[in-house]
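To start, the structure itself, in structure tokens.
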Amino acid sequence: MMVACSSEDTALKNTPAAGPQMQFTATIAAPNSGATTRTEYTEVTTGDAAGTINVAWKVNDEIAAIVKNSEDKLVKTVLTVSKVNDDGSAVISGAITKPKNGEETVDLIYPADIVTVDNNGSDYNISFDKMSDGTLDGTLESIADNIDYRTADDCELTVSGEQATLTSVAKLESKLSILKLTLQDKDGNALLASQVAIAGGKILTSATLTSDGSSEVYLPVPAVSGADICIAATTSSNNYFYMKEDVTLAAKQYYQSTVKMTKGAHLALLLTDEYEAKDGEILTGTLASNVKISIAAPVAPATTTTVTLKDVNINGSGTWTTGDYAGITCDGSTTIILEGENKVKGFWEDYPGIYVPSGETLIIQGTGSLDASSNSSSSLGAGIGSGSGGTCGNITIKGGTVTATGGYNAAGIGSGSYGTCENITISGGKVTATGGKYGAGIGGGNRGTCGAITISSGTVTATGGYYAAGIGSGGGANCGTITISGGTVTATGDANGAGIGSGGVVDEIRARCGAITITAGVTKVTAKKGATAPNSIGAGSEGYCGTVTIGGTEYASGVTQSPYEYSAPPALSLTSPAVGQVIGSDGKNYAADATLPTGVTKVAMIAYLNGSHGLAIALADEGEMNWATAKSTCEAKTSAFNNGTWRLPTQDDWKKMFYATSRLRDTIWRYLADELETAGGVGSRLRDAEQYWSSTPNGEDQANSVHLRSSATWNSSSKTYTFFVRAVLAF
């Protein structure tokens, strides 16, 4: 039988006085007279009655009677089945509180111990949180011995003196249905469960099966209408669940169902116990209470435990004694796959949203989203990383939409206040990370430490808190090297913090970061320094930073411009190129007289081809300069392309461009000049009365140049002379 959920002490406080007692006698219906009554379950599986349940009353069954006394308070008394008649009906008797005049009705509820009257006597409650009380074993026999729920409301009483009877035979209607479940895995194999539970927002019924387990389980379930229910099963090695929406289970009915279950858990079932997810599991649903959710360490030879989060909501709200853990605690190297929308918050202020231990690696990927945060704005844990003064391992984000928010003094992704974090790698997805006060968006928290930060792909937006960098170290914190080789990155520091680099000094502790490298493979990097910081990329106020290298160029003192934007050179993408076509700033080729797309400018004209390779000559001179300056100017020319090289043309380059066509002209160079004028307009034409440098040296002090008069004349001139310069793009 069930035990009421109220403690004995609570039940005794403020209980309404029973008032005068009176004798009560009544008859309750037999199962075969059109009413269903106390369920001593016997399954009928053959004949016309197949799929039904036979029922019967037992002597000494206890039934609660709820009446309103003279003080207008509800009072519970217990009646007993004193006799079962031949027709199956039962006689109940006992002493009840004398009803209030004009309120001569009674509610009958079976079994009596599931009913409690609240403290002020205004209502009564039915408790099902622990229906089985550990006694159900998945058989009909255990249901018959332990579980039932029946009511007859507003039964009319006939009161005569000190005697009360029912005006008519009471029909205690069952409020339960019976489920016979056949459990299978997703491939249709039988699941031998050791424990099964069914829930609809709370545990409705649970059963502990025999030690050998069973794939056939009987469960009693209170009637539901349009409810979302979940069935959970535990085998010797794994956990499984089955979710069904909009379920109606009618009272007094018997249902048989085969369910194919998913490996994992629906978090609404976890009301009292910690849960450790295993490899291959799916977690879904809203966690119903403050219980620890962890992911098991990998079992050799596996190097990572893979768990899918699918529409998970873990909204931690514990205390330092009842919830001192992260929203999700990884016990070892873990791969989390995101599906749907997921939210994970730490349970207590010193803990992060998601934690992985030192020396291990957390990988986040998938197509869904994740919103990870510490417990509150006053907490000290990172969104993803370490807690206050704690350590965490490596964090890698490969995909998904990830939003990470650090608590007070903590990084969005990285270390908590005074905590440590190992390397952080982002190679895909959309990542938004925001640090708390003194915490970097990605990197170190207040006076914390993190390892190297590497971004190779994806869209990353990182915002640091007060005195902290967007990407790098927080206030008074340290981080390792920062390498950005791909993706679109926006980083914003606050107050004394750089956009990318180090934060500011806190309590005389200088923030530091290692060398910063931004390569030509990125799509775009935007960095904005804090209001009083010296650099957008580099050191924050009184901070320290290693060498800053952007696109191959070193900046010894960092980059002061704010906001600073760096876009990677586009790749050359030529389609059926031809001599005389132009190359746009987007790296594509167009007809010489074509109108280019908005924002695209003409950069060079194709002047020579040899298969897929060739030379394109710039549309304008670089000016007049000596030979050494001419070389360095051409090599640094923009717009650059990441698979093309600007250079001062060699003597052989000039000859190839002069003879790129078989078309005859009075002078061979003039053809090239005419084509340039067509392609680039006024100012593109080569100067026919001037000399142009080539990069071909002629001895130690001289180099060859071409003089464009009536014909091309080659000269050897001192490298100190000043001649015109026209760059070529080799591809």
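Quick note: the coordinates plus some simple rules give every number you see, no bench work behind them. Values in this document were obtained by computation on a predicted structure and should not be read as measured data. FYI the Cβ positions are ideal-geometry reconstructions off the backbone, even for glycines, and counts take in every protein chain you see.
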For Asp145 and Asn423, what is the calculated FRET efficiency with R₀ set at 56 Å and r taken between the beta-carbons, to the nearest 0.05?
-> 0.40
Violations at 19 Å Cα threshold for listed pairs Lys263/Lys398; Lys180/Lys263; Lys180/Lys252; Lys202/Lys252; Lys602/Lys637; Lys244/Lys292 -> Lys263/Lys398; Lys180/Lys263; Lys202/Lys252; Lys244/Lys292
What is the P(r) of region 591-649, as percent of Cα-Cα pairs per 10 Å bin from 0?
-> 18, 48, 30, 5
Dividing the convex hull volume of the alpha carbon atoms of region 163-309 by its residue count, what do you get in Å³ per residue?
-> 156 Å³
Taking the Cβ-Cβ separation of Thr560 and Thr523 as r and a Förster radius of 22 Å, what is the calculated FRET efficiency to the nearest 0.05?
-> 0.40
Using the C-alpha atoms of the chain, what convex hull volume per residue, in cubic angstrom, is computed?
-> 241 Å³
Provide Rg and Dmax in Å for region 229-370, with only Cα atoms included in the calculation.
-> 16.0, 57
What the Cα atoms of region 159-222 span along the principal axes, largest first and in whole Å, is 67, 22, 22
On the first, second and third principal axes, largest extent first, how far apart are the outermost C-alpha atoms of region 582-730 in Å?
-> 45, 35, 30
Of the beta bridges DSSP finds with both residues in the chain, what % are antiparallel, to the nearest 5?
-> 50 percent
Could you work out how far apart the two model spin labels at Ser225 and Thr645 are, taking each label as a point 7 Å from the Cα in the direction of the beta carbon, and quote it in nm?
-> 8.0 nm
Using unit Cβ charges (K, R positive; D, E negative) and no other charged atoms, how large, in debye to the nearest 20, is the dipole of the chain about its Cα centre?
-> 3180 debye
Can you quote the Å³ per residue value for the convex hull of the Cα atoms in region 310-392, rounded to an integer?
-> 76 Å³
Sort 640-646, 116-122, 573-579 for me by packing, meaning the mean count of neighbouring Cβ atoms within 10 Å per residue, highest on top.
-> 640-646, 116-122, 573-579
D (Stokes-Einstein, µm²/s), Kirkwood Cα radius, region 404-456, 1.306 mPa s at 10 °C | 154 µm²/s
Angle, helix 668-680 long axis vs. longest principal axis of the chain, Cα atoms, 0 to 90°, nearest 10?
-> 40 degrees
If contacts are Cα pairs under 8 angstrom and at least 6 residues apart, what is the relative contact order of the chain in percent?
-> 5 percent
Rounded to the angstrom and largest first, Cα extents along the principal axes for region 270-567 equal 56, 38, 30
Find the Cα radius of gyration of region 140-182, compare it with 2.2 N^0.38 Å by division, and give the number to two decimals.
-> 1.75
Please report how far the C-alpha centroid of region 494-569 lies from that of region 679-694, rounded to the nearest whole angstrom.
-> 41 Å
Under 20 Å Cα-Cα from Lys524, which aspartates and glutamates qualify once same-chain neighbours fewer than 8 residues away are excluded?
-> Glu554, Glu565, Asp586
Enter the Cα centre distance for the pair region 342-404 and region 189-251, rounded to the nearest angstrom.
-> 32 Å
Compare the peptides 399-407, 547-555, 497-505 by average per-residue count of other Cβ atoms within 10 angstrom and give them in order, highest first.
-> 497-505, 399-407, 547-555
Extension length gain for Glu635 and Thr547 (0.36 nm per residue less Cα distance), in nm, is 29.4 nm
Describe numerically, in nm with one decimal, the distance between label points set 7 Å from Cα along Cα→Cβ at Thr481 and at Tyr255.
-> 6.1 nm
When a footprinting reagent is the concern and you count Cβ atoms within 10 Å, what order do Cys545, Cys392, Cys479 take, fewest first?
-> Cys545, Cys392, Cys479
